[in-house]
1. Restricting to region 327-345, name every residue that is within 31 Å of the chain's Cα centre (by Cα) and not β-branched (Val, Ile, Thr).
2. How many residues are under 17 Å from the mean Cα position of the chain (by Cα), exposed (fewer than 13 other Cβ atoms within 10 Å of the Cβ) and either over 15 Å from ALA209 (Cα atoms) or of a type in the set (Val, Ile, Thr) (or both) when one looks only at region 170-192?
3. Do you know which of the residues in region 267-283 that are touching a strand residue (DSSP E or B) at 6+ places or on another chain (Cβ under 6 Å), surrounded by 14 or more Cβ atoms within 10 Å (Cβ to Cβ) and among the small types (Gly, Ala, Ser) is modelled with the lowest pLDDT?
4. Considering only region 339-353, I want to know if a residue exists there that is hydroxyl-bearing (Ser, Thr, Tyr), free of Cβ contacts under 8 Å to residues at least 40 places away in the same chain and in a strand (DSSP E or B).
5. Among the residues of region 41-49, are any more than 19 Å from VAL171 (Cα to Cα), crowded, with 17+ Cβ neighbours inside 10 Å, touching a residue at least 40 places away in the same chain (Cβ under 8 Å) and more than 18 Å from the chain's Cα centre (by Cα)?
6. Filter region 195-214 for residues that are more than 17 Å from the chain's Cα centre (by Cα) and open to solvent by less than 30 Å² (accessible area, probe 1.4 Å) and give the result.
7. Kindly indicate whether any position in region 316-326 is at pLDDT 95 or above, open to solvent by less than 70 Å² (accessible area, probe 1.4 Å) and within 32 Å of the chain's Cα centre (by Cα).
8. Are there any pairs, at least 6 apart or on different chains, whose C-beta atoms fall under 7 Å, with the first in region 186-215 and under 20 Å from SER397 (Cα atoms) and the second at pLDDT 95 or above and open to solvent by 60 Å² or more (accessible area, probe 1.4 Å), and if so, which?
Amino acid sequence: MKKISIFLSALALLCVTFTSCKGTDPVVEGIVEDGFYVAGSATGADVLNVDYRLAPGVNEVEKDVTKQKRAGMYEKYVALEANKEFYLLLKEGAVETRYGATLANKELKGENDQAGSAEKPFIIQKGSLVIGSTAPALKVTKSGLYHIVLDLNLDKALDLTGGAQVIIAPVEWGVRGVNGDWGWKKMKSPTTFSKTTMVWDTTIATTTAGEYKLAYGGGWKIQLDDAGKVKANTNLGGDMKQGGDNMNLPKGTNIKLTLTWNLASGEISKSYTYAVTGNIIIEDPKVFVVGFSGNAFGTNTTPPAEWSDPAGATLATYDAAASTVTNTTTKAGTYVYNITNLKVVATKEFKVRYNGAWIGTSGATMVGETFGGTDNFIVNADATYTKVKFEVIWTGSKASTIKITFTK
């Protein structure tokens, strides 16, 4: 009992400390972790609420996923009510520092794959961060979901006057990648504004299994600085992570994609869930067209037309005995296909083909032979292969790995 009493006393003292250090700022509701928070009447939280804590920011420029979280960068998707004030608050132990900014509209026209295009610029608000109790409050003119990104410029990478900055971007979700079309298609917007939950959806037909991503603004990212050293993702991928991997999209009709945003603390992924429903058609990799396309096969007995679909000498045959189907419902498993007596010509190029997909050097692993090229494979020397073996792991909606073994 004595230990419990000591703990409760310490807890009470901690709460008093939080309240007394804030002056006119909102009081802390319970014990919350250190970090940046958004608060104010526009959010519906006039007290410091754990659900309004910003997540560590991800710098899209850094391609090493283990290094993408940038020190001093924070972001959050939050619902904001029009013409009401909100601000940012940094909590460091018992010390809380208020941040604001004088915002100005900025047009993004698609440069460097930013959200927006020359035909339809995307408008965000942007401003230099100001510290202190007199820092300007922030406002938006239309109620909706917004992406807040702030960067304290700790490493001085932002080549801007004032350095530390904040951007406020309006969010209307759309889909990219349907039937291989990576242009942006708007999803149906929520019918009502809510500060805790909103839903976007769209119904599509897919001609083949493929991949997709969710994005807002028509681009992939927003560049925070002129030099392009820091960029915030405007897309969601696998596991609902910002900038995550492409997601599987099944073949079917009346396929409904539903994205739900919920107010939540922590990583961006905790605020989103998605579902794929409808008349889903399960494809059978046993009958996929597999092989090569290109101009590297002109000396074969029955070469296909250059860059046409695999046929004749470049068409692989399904090997049932070497394949393993692990899920009879989704057809997931490891599938093997073979080509025999394939000739290739030096300096010529080709791509791997799998169920309609065009796969270059970054999408397939070659064993037993080395090819050049940074997109198409380039043949280094004339060669004849007695066997070319394709081993493909099929997830049920896409090929997750493709390994091709060449035997002379």
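The values are calculated or read from the model by the stated rules, or taken from the named source; none is laboratory data. Not measured: the values here are computed from a predicted model. Positions of Cβ are backbone-derived with ideal geometry, glycine not excepted, and every protein chain shown enters the neighbour counts. All accessible areas refer to the heavy atoms of the entire protein, side chains included, with ligands and DNA or RNA removed. Shrake-Rupley method; radii C 1.70, N 1.55, O 1.52, S 1.80 Å.
1. Within region 327-345, ASN327, LYS331, ALA332, GLY333, TYR335 meet the criteria.
2. 1
3. Once the filter is applied, the top-ranked residue is GLY278.
4. Of the residues in region 339-353, the ones hydroxyl-bearing (Ser, Thr, Tyr) are 340, 347.
Of the ones still in play, those that are also free of Cβ contacts under 8 Å to residues at least 40 places away in the same chain are 347.
Those still in the list that are in a strand (DSSP E or B) too: none.
No, because not a single residue in region 339-353 is hydroxyl-bearing (Ser, Thr, Tyr), free of Cβ contacts under 8 Å to residues at least 40 places away in the same chain and in a strand (DSSP E or B).
5. Of all residues in region 41-49, those more than 19 Å from VAL171 (Cα to Cα) come to 41, 45-49.
Imposing the further condition that a residue be crowded, with 17+ Cβ neighbours inside 10 Å reduces the set to 45, 48-49.
Applying the additional criterion that residues be touching a residue at least 40 places away in the same chain (Cβ under 8 Å) yields 48.
Now restrict to residues that are more than 18 Å from the chain's Cα centre (by Cα): 48.
Yes: region 41-49 contains one or more residues that are more than 19 Å from VAL171 (Cα to Cα), crowded, with 17+ Cβ neighbours inside 10 Å, touching a residue at least 40 places away in the same chain (Cβ under 8 Å) and more than 18 Å from the chain's Cα centre (by Cα).
6. Start the filter on region 195-214 by keeping residues that are more than 17 Å from the chain's Cα centre (by Cα), which leaves 195-199, 201-209.
Within region 195-214, MET198, ASP201, THR202, ILE204, THR206, ALA209 meet the criteria.
7. The first filter runs over region 316-326 and keeps only residues at pLDDT 95 or above, leaving 316-326.
Next, only the ones that are open to solvent by less than 70 Å² (accessible area, probe 1.4 Å) stay: 316, 318-320, 322-323, 325.
Then drop every residue that is not within 32 Å of the chain's Cα centre (by Cα), which leaves 325.
Looking through region 316-326, at least one residue is at pLDDT 95 or above, open to solvent by less than 70 Å² (accessible area, probe 1.4 Å) and within 32 Å of the chain's Cα centre (by Cα).
8. Going by the 7 Å Cβ cut-off, the qualifying pairs are THR202/LYS188; THR203/LYS256.
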